[in-house]
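One structure is given below, encoded as structure tokens.
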Amino acid sequence: MSLRGYQKDCFDSVIKWVKSSLEPAVVEACTSFGKTRTIAHIAKEIVEISKKKVLILCPTGILAGQNAKAVGDKVSVFSASLKSKSLRHDIVVGTPQTIKNHLSRFGNQFGAILIDEGEGLTNAVIAIVDQIRS
């Protein structure tokens, strides 16, 4: 599914940033922007660019399921509430607490972390980012 014009503008800005910086990027988008669809496109592009996996962190299993559905067939889900702890595919969608409890499985295979609902930067999210960054 293709992006709408404003989603494509967001996508282009994020990808430009990713190509030029290792610093985090923040996207603030209103309700009904289509964040899930935009995140899926960004994740796929980063995998293509970096040849590394991308982790999409979601605060709940419900949001993780929605993000996984938006990515499509080639996605792994790492969330106890969704009864899956898979790292098979290049895009992994998961919930922070489940991932934090299994961080030793994540290693250095990830090129980026995308955080859905970023205003919820919990201690678990910060620990995951710190561990994967190192």
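The values are calculated or read from the model by the stated rules, or taken from the named source; none is laboratory data. The structure displayed is predicted, hence computed values, not measured ones. Reconstructed Cβ throughout: ideal geometry from the backbone, glycine too, with neighbour counts over all protein chains shown. We work out accessible area using only protein heavy atoms, side chains counted, and drop any ligands, DNA or RNA first. Shrake-Rupley method; radii C 1.70, N 1.55, O 1.52, S 1.80 Å.
Does the stretch 61-75 contain any residue that is open to solvent by 40 Å² or more (accessible area, probe 1.4 Å), assigned to a loop (DSSP other than H, G, I, E, B), farther than 22 Å from V18 by Cα and not charged (D, E, K, R)?
So far as the stretch 61-75 goes, no, none of its residues is open to solvent by 40 Å² or more (accessible area, probe 1.4 Å), assigned to a loop (DSSP other than H, G, I, E, B), farther than 22 Å from V18 by Cα and not charged (D, E, K, R).
Could you please find all residues in the stretch 82-128 being in a helix (DSSP H, G or I) and either closer than 16 Å to I39 by Cβ or touching an Asp or Glu at 6+ places or on another chain (Cβ under 7 Å) (or both)?
Once the filter is applied, which keeps residues that are in a helix (DSSP H, G or I) and either closer than 16 Å to I39 by Cβ or touching an Asp or Glu at 6+ places or on another chain (Cβ under 7 Å) (or both), the stretch 82-128 yields P96, V125.
Would you be able to say whether some residue in the stretch 47-60 is in contact with a helix residue (DSSP H, G or I) (Cβ under 6 Å, 6 or more places away or on another chain) and either in a helix (DSSP H, G or I) or open to solvent by 20 Å² or more (accessible area, probe 1.4 Å) (or both)?
no
Report the residue count in the stretch 8-46 for those that are open to solvent by 90 Å² or more (accessible area, probe 1.4 Å), more than 15 Å from G111 (Cβ to Cβ) and at pLDDT below 95.
Counting residues in the stretch 8-46 that are open to solvent by 90 Å² or more (accessible area, probe 1.4 Å), more than 15 Å from G111 (Cβ to Cβ) and at pLDDT below 95 gives 4.
Exactly one of these conditions fails for K44: (1) basic (K, R); (2) outside any loop (DSSP other than H, G, I, E, B); (3) more than 13 Å from the chain's Cα centre (by Cα). Give me its number.
Result: K44 passes all but (3).
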